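This report refers to the structure that appears directly beneath it.
The values are calculated or read from the model by the stated rules, or taken from the named source; none is laboratory data. All values derive from a computational prediction rather than experimental measurement. As a convention, Cβ positions derive from the backbone with ideal geometry for all residues, glycine included, and neighbour counts pool all protein chains shown. Each accessible area value is taken on the protein alone, full model and side chains, heavy atoms only, with ligands, DNA and RNA left out. Shrake-Rupley method; radii C 1.70, N 1.55, O 1.52, S 1.80 Å.
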Amino acid sequence: MVVGAGGGAELLYFSQIYPSWFLTGVDPSDQMMKIASHKIRQAGTENRVKLHQGFVHELPTDSKFDMATCILVLQFLPDDNAKLNLLKSVAERLEHGAPFILVSIFGDKESAEFHKNFAAWKERFRSNGVDPEKSEDVQRILKMPLITEDKILELLDEAGFQNIVKFYSAYQVGGWAAELK
């Protein structure tokens, strides 16, 4: 299951690299699902990829997934239990012991560490010829309801995940691998 399937990049990658896999992509955006559908049809993998326009909690729980990814989705959800509810919804649809990959922008926007990392990130934009003060991406990040890494780990544990390992970190983006308890 690919949570936040967006334009289908992960689905396309997995369907081509793992030809025996059957995949389900979930995304609330009709526009993004149309893009994903087009890419999947072009790749000829539509017989192994199912798209669900909507939310994870709408999927049935009687058929479990062998793995799930949630890449660059969590940071968009408000910190009013929506993040925890998403993680619990994913957990409810996974096989016992199934791997889960979470990648999210995170951090305490008031911390010195965040400001240092964000300044470096903005420099990266400048080095690529983009004025970070005019970049919609930079402005969007500043408005996101981010949470700290400790809070992400707490939510993963509370949702039912274990053996959580951070496998990626760049600026304020982190990646964690876990498995369902």
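Quick one: what pairs do we get from the range 73-100, first residue in contact (Cβ under 8 Å) with a residue 60 or more places away in the chain, second surrounded by 17 or more Cβ atoms within 10 Å (Cβ to Cβ) and hydroxyl-bearing (Ser, Thr, Tyr), C-beta under 8 Å, 6+ apart or different chains? From the range 73-100, the pairs are Val73/Ser104; Leu74/Ser104; Gln75/Ser104; Phe100/Thr69. Here Val56 qualifies as within 19 Å of Ile152 (Cβ to Cβ) and either aliphatic (A, V, I, L, M) or in contact with a Cys (Cβ under 9 Å, 6 or more places away or on another chain) (or both). When you scan the range 21-35, do you find a residue that is touching a Gly at 6+ places or on another chain (Cβ under 8 Å), in a helix (DSSP H, G or I), more than 25 Å from Gln162 (Cβ to Cβ) and open to solvent by 60 Å² or more (accessible area, probe 1.4 Å), even just one? The answer is yes, given that some residue of the range 21-35 is touching a Gly at 6+ places or on another chain (Cβ under 8 Å), in a helix (DSSP H, G or I), more than 25 Å from Gln162 (Cβ to Cβ) and open to solvent by 60 Å² or more (accessible area, probe 1.4 Å).
The set of residues in the range 124-180 being among the aliphatic types (A, V, I, L, M), in a loop (DSSP other than H, G, I, E, B) and more than 20 Å from Glu113 (Cβ to Cβ) consists of Val130 alone.
Scanning the range 50-73 for residues that are of a type in the set (Val, Ile, Thr) and at pLDDT 95 or above, we see that the one that is farthest from Val103 (Cα to Cα) is Val56. All of Arg124, Arg140, Arg93 fail the test of being closer than 18 Å to Val3 by Cα and either buried (at least 18 other Cβ atoms within 10 Å of the Cβ) or not β-branched (Val, Ile, Thr) (or both), apart from Arg93.
Contact annotation: residue pairs with Cβ atoms under 7 Å, 6 or more positions apart or on different chains, pairing a residue in the range 145-171 that is within 11 Å of Ser104 (Cβ to Cβ) and at pLDDT 95 or above with a partner that is among the basic types (Lys, Arg) and assigned to a helix (DSSP H, G or I), are Ile147/Lys83; Leu155/Lys83. If you go through the range 100-123 and keep only what is in a helix (DSSP H, G or I) and basic (Lys, Arg), you end up with Lys116, Lys122. Does Thr69 satisfy the criteria of being in contact with a strand residue (DSSP E or B) (Cβ under 9 Å, 6 or more places away or on another chain) and either farther than 23 Å from Ser15 by Cα or polar (S, T, N, Q) (or both)? Taking the combined requirement at face value, the residue satisfies it. Residue count for the range 43-66, restricted to those that are of a type in the set (D, E, K, R), open to solvent by 60 Å² or more (accessible area, probe 1.4 Å) and touching a strand residue (DSSP E or B) at 6+ places or on another chain (Cβ under 9 Å): 4.
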